[in-house]
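Laboratory data are not the source of any read-out in this text; all were calculated from the coordinates shown. If you're wondering where the values come from, they're calculated on a predicted model, not measured in any experiment. In this analysis, Cβ positions are derived from the backbone assuming ideal geometry, glycine residues included, and neighbour counts consider all displayed protein chains.
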Amino acid sequence: MPFIEWNNDFSVNNVEIDNQHKHWICIINSLHQVLMIEGNGNIKEKVTGALVEMNTYTRRHFAYEEMCMRRVDYPGTIEHIKLHNAFAAQITRYLSKIYSGELVMGTEVMARLNSWLRDHILIEDQKYCSYLAENKDKLTGLSFD
Ligand SMILES: [Fe+2]
Ligand SMILES: [Fe+2]
C-alpha cells in the first residue's frame, strides 16, 4: 500500500501541476518503500538516492510553480517562495547530514516530508488555484522539462 495516495483533494485544477504533484508523491512513496525494506542491500545508498531524486524534482517543481504564480501575479508569491525555500533547505540539510555520516532517522525524514508535502499541497498550493484558473491564457507556452 502506498504511503501517500493521490486523491482529488490534492488537485489544484491545473493538469500540469497536478501531474508534478503526483510524481512527487511517487518519489516519497518509493523513499518510504526503501525505508521499509530494512537490511536489504545498502539502505544508506538507497535512501540517499531517493532523497537526491526528491531534492532535484522538488526544485524543478518549485521553479515551475513559482513561474506560474509570477505570470498570473498571484499576490502570495513571495510568501509562497519562502515556504518553498525553507523546504528545499531542509532536504539539503538531510542530505548533507547523510553525506557527513551523521545518523539520520528514516522515520523522522518520512514524517517531516509527509506532513510538509501534504500540508503544502492541501493548504498552500490550493491558495493560488483560482488565480491560475482565472488567468489560464497567461500560462501558455510554459514548459516543464
Ligand atoms: Fe506544489
Ligand atoms: Fe508550492
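What the table shows:
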item	result
Directionally averaged projected area (convex hull, Cα atoms, the chain), nm²	8.9
Lysine pairs in the chain with Cα atoms under 26 Å, if 8 or more residues apart or on separate chains	14
For the range 54-69, Karplus couplings with θ = phi - 60° (6.51, -1.76, 1.60), whole Hz, Gly/Pro x	4, 4, 4, 5, 4, 5, 5, 5, 4, 4, 5, 4, 5, 5, 4, 4
Whole-Hz ³J(HN,Hα) from phi, Karplus 6.51 cos²θ - 1.76 cosθ + 1.60, for the range 19-29, glycine and proline x	5, 5, 5, 5, 5, 4, 5, 4, 5, 5, 5
Charge dipole of the range 14-139 about the Cα centre (unit charges at C-beta), most positive-ward option of His84, Val34, Thr48	Thr48
